[in-house]
Amino acid sequence: MIGFTRGDILGLLHGVRPQGADAAMALCPFHRHRDGSREKCASMRVHLGTERYFCFACKAEGDLAELLTAYSGSGGQSSGSVTGQADG
């Protein structure tokens, strides 16, 4: 992973729950519920081994470099560069 460490990934995301040695569940930063509120249950699986992520709620997916760049470059709000955005 170029320029990002495991600590960068897990430190930036919210609601992180480790799942094994190379995966975690986290709150997805790319969608809100229809009422405008943020999600409260982790819906995004982050695979550190394969350097990919997938949100089961809004179907956002991509590599971790894209996730961290989009998330950190926008103060935690979606930059619109991630695929699969939808209301949760």
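Taken together, the values in this text are just the output of simple stated rules run on the coordinates, not laboratory data. Keep in mind that this is a model prediction, so the values were computed, not measured. When we count neighbours, we look across all protein chains shown, and the Cβ atoms used for this are built from the backbone with ideal geometry, even at glycine.
Points to keep in mind about this one:
- Residues that are under 14 Å from residue 57 (Cβ atoms), of a type in the set (A, V, I, L, M, F, W, C) and surrounded by 13 or more Cβ atoms within 10 Å (Cβ to Cβ), drawn from region 1-44: 25, 26, 27, 28, 30, 42, 44
- Hits in region 23-39 (condition: out of contact with any helix residue (DSSP H, G or I) (no Cβ under 9 Å at 6 or more places or on another chain) and touching a residue at least 12 places away in the same chain (Cβ under 8 Å)): 23, 25, 27, 28, 31, 32, 33, 34, 39
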